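Reviewing the structure listed below.
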Amino acid sequence: MDKKRRRQIIRLIILVIMAGAIAFTIYNSINKEKREVLQVGDAAPDFELIDMNGETHQLSEYKGQGVFLNFWGTWCKPCEREFPIIDKYYKEYQDEGIQVLAVNIAESDFAVQNFIDRKNLTFPVVIDKNKSVMSTYNINPLPTTFLINPEGEIEKIITGEMSDEDILNYMNQIMPE
């Protein structure tokens, strides 16, 4: 009887330890430090990335201009459809203080350059090789575009494909006075 009782106590202790470990795991996953989600009105987090020509682009350097910050991938069909339109308006408005910065998500230089060449894009294209900017901006899905006003604040966040009319309206929305 004494042996049986000892076995029950050991089993109970193991069960309590296992239940505690499970409860701790659930608690940690629920209360895991959550990344702050960016919202309209927030200051756009600064970053520095290198474009396909080897030039450095730091977001804060564009203060005073409206920035059309677009996150994309070469495999993204909506991105492929909207880029010629974005490029058309970029050429039209860049002298009026509109900057386009296209952030590719960790693809190879070859794939990105091939895409740029096929689409004859003229705006700066940078590659977020380690996905740090993607993570900071909580990007999901692609394409996602942030309209950043001349003061460096997020004016609007657009997920999904934009039409010609949308792109024109959005660029006008962030045009410096």
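The values are calculated or read from the model by the stated rules, or taken from the named source; none is laboratory data. All values derive from a computational prediction rather than experimental measurement. We place every Cβ from the backbone using ideal geometry, glycine too, and count neighbours over all the protein chains shown.
So the values come out like this:
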{"read-out": "Of all residues making up the range 158-177, the number that are assigned to a strand (DSSP E or B) and either in contact with a Leu (Cβ under 8 Å, 6 or more places away or on another chain) or surrounded by 20 or more Cβ atoms within 10 Å (Cβ to Cβ) (or both)", "value": "1"}
{"read-out": "Counted residues, the range 92-121 - those being surrounded by fewer than 16 Cβ atoms within 10 Å (Cβ to Cβ) and aliphatic (A, V, I, L, M)", "value": "2"}
{"read-out": "Qualifying positions in the range 57-80 - in contact (Cβ under 8 Å) with a residue 40 or more places away in the chain, outside any strand (DSSP E or B) and over 16 Å from ASN104 (Cβ atoms)", "value": "SER60, TYR62, LYS63, GLY64, GLN65"}
{"read-out": "Qualifying residue in the range 33-56 (condition: crowded, with 16+ Cβ neighbours inside 10 Å, in a helix (DSSP H, G or I) and modelled with pLDDT of 95 or more)", "value": "no"}
{"read-out": "Residue, surrounded by the most Cβ atoms within 10 Å (Cβ to Cβ), within the range 57-91, restricted to residues that are under 17 Å from the mean Cα position of the chain (by Cα) and among the hydroxyl-bearing types (Ser, Thr, Tyr)", "value": "THR74"}
{"read-out": "Meets criteria (among the aliphatic types (A, V, I, L, M), under 18 Å from SER60 (Cα atoms) and either touching a residue at least 40 places away in the same chain (Cβ under 8 Å) or not in a strand (DSSP E or B) (or both)) for MET134", "value": "yes"}
{"read-out": "Residue check, GLU155 surrounded by fewer than 20 Cβ atoms within 10 Å (Cβ to Cβ), at pLDDT 95 or above, assigned by TED's automatic domain parsing to the domain that holds HIS57 and closer than 23 Å to ASP42 by Cβ", "value": "yes"}
